[in-house]
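Everything below concerns the one structure shown next.
Each reported figure results from applying straightforward, stated rules to the coordinates on display, with no laboratory input. Please read all numbers here as calculations on a predicted model, not as lab measurements. In this analysis, Cβ positions are derived from the backbone assuming ideal geometry, glycine residues included, and neighbour counts consider all displayed protein chains.
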Amino acid sequence: MMRRVLLHVVSPVIVLLIWEILARTGVLDVRFFPPPSAIFGHLWEATGQPELWGDLRKSLSRVLVGYSLGTALGIAIGTAMGLSRAVRSAIYPLVAVTFPIPKIALLPLILLIFGIGEASKIVIVAIGAFFLVLLSTLHGVTSIAKIYHDVAKVYRIRTTEFITRIVLPGALPSIFSGLKLAIGYSLVVMVAAEFTGADAGVGYRIWQSWETFSIKSMYANLFIIALLGISCTYALELLERMLVPWACRE
């Protein structure tokens, strides 16, 4: 476990060291690629400003609410599709048609329907998370061996008990794969949504930094997004190890 953690830490540190050396030696243009030490210095100074924490709070609330709504709906519909051939036949064509559409391309339509307030940001994040979790859940449910269905019929196990004690536990490894993919995609969609029609948030701050050529601020906020992504992913991995220990590998 300790070796795994060290490997996860060492590779980003090596990349940052190479970046630092190239910037300090003039190989990289520091106007566009300032050294990481300068970026982290700027980020450290920003921690004393209320704007940073306000932006972080706004972005986190949008992601968590949208992600929770999207994943809950994805698990529910994915489970229903996996258990019922009729439901799968009715819904899967709609999923196949709408899934390839870039979710951020729906933002103008979402803004027309929900306005430029918080609702539009939450909805676009929920849509982004929904499809990935639905498809992962569908795969997990349909992968459960047929013998479990036959045993449930023989012993007349109630549908709710069959779902909660057999279907969902059996599909959890696939569901968690979808959850981990969805959290990263939710952050991507959230940042893109905050580029337009927002007055606060990490994505808004990145766009504002680009407009004012505040390169250090732009990179600092990009690092914040990266830290959010890796923190959420590790939190989900920890939860997966607690709930699905038999499917986790070192």
(message) Step by step: find N for the stretch 58-247, compute 2.2 N^0.38 Å, then divide the Cα radius of gyration by it. What's the final number?
(response) 1.18
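Go ahead and run the numbers for FRET between residue 243 and residue 145, Cβ-Cβ distance against an R0 of 25 Å, rounding to 0.05. Don't skip to the end; give the middle numbers.
Working: r = 20 Å, r/R0 = 0.81.
According to the calculation, E is roughly 0.80.
Relative contact order for the stretch 58-167: what is it in percent, counting Cα pairs under 8 Å that are at least 6 residues apart?
Numbers: 92 pairs, mean separation 47.0, N = 110.
Answer for the stretch 58-167 is 43 percent.
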(request) Rank the residues 155, 204, 234 as a footprinting-exposure proxy: fewest other Cβ atoms within 10 Å of their Cβ go first. (result) 155, 234, 204
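Counting alpha carbon pairs within less than 8 Å and at least 6 residues apart, what relative contact order, in whole percent, applies to the chain? If you can, show how the numbers build up before the last one.
Numbers: 264 pairs, mean separation 58.9, N = 250.
Relative contact order comes out at 24 percent.
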(request) Evaluate the charge dipole of the stretch 1-133 about its Cα centre and quote only its size in Debye, nearest 20, assuming +1 on the Cβ of each Lys and Arg and -1 on the Cβ of each Asp and Glu. (result) 500
(request) Pull out the extension gain between residue 227 and residue 213, defined as 0.36 nm times the separation in residues minus the alpha carbon to alpha carbon distance; nm, one decimal. (result) 2.8 nm
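What does the charge dipole of the stretch 58-247 about its Cα centre add up to, to the nearest 20 debye, if the Cβ of each Lys and Arg holds +1 and the Cβ of each Asp and Glu holds -1? Walk me through the numbers before you get to the answer.
Working: 15 positive and 8 negative charges, 107 e Å.
The calculation lands at about 520 debye.
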(message) Rg/Rh for the stretch 74-180 to two decimals, with Rh computed the Kirkwood way over all alpha-carbon pairs.
(response) 1.08
(request) Starting from the Cα of residue 121, draw a straight line to each of the lysines and keep only those under 29 Å, dropping any in the same chain fewer than 8 residues away. (result) 58, 103, 180, 216
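What ranking of 58, 180, 146 emerges when the number of other C-beta atoms within 10 Å of each C-beta is taken as an exposure proxy, fewest first?
Details: 58 22, 180 19, 146 7.
If I rank by nearby Cβ atoms, fewest first, I get 146, 180, 58.
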(request) Just need the Rg to Rh number for the stretch 120-215, please, alpha carbons only, Kirkwood Rh. (result) 1.27
(request) Would you mind pulling out the separation of the Cα centroids of the stretch 99-174 and the stretch 184-250, in Å? (result) 22
(request) Please give, to one decimal in nm, the separation of the simple spin-label points placed at residue 98 and residue 32, each 7 Å out from Cα toward the Cβ. (result) 4.0
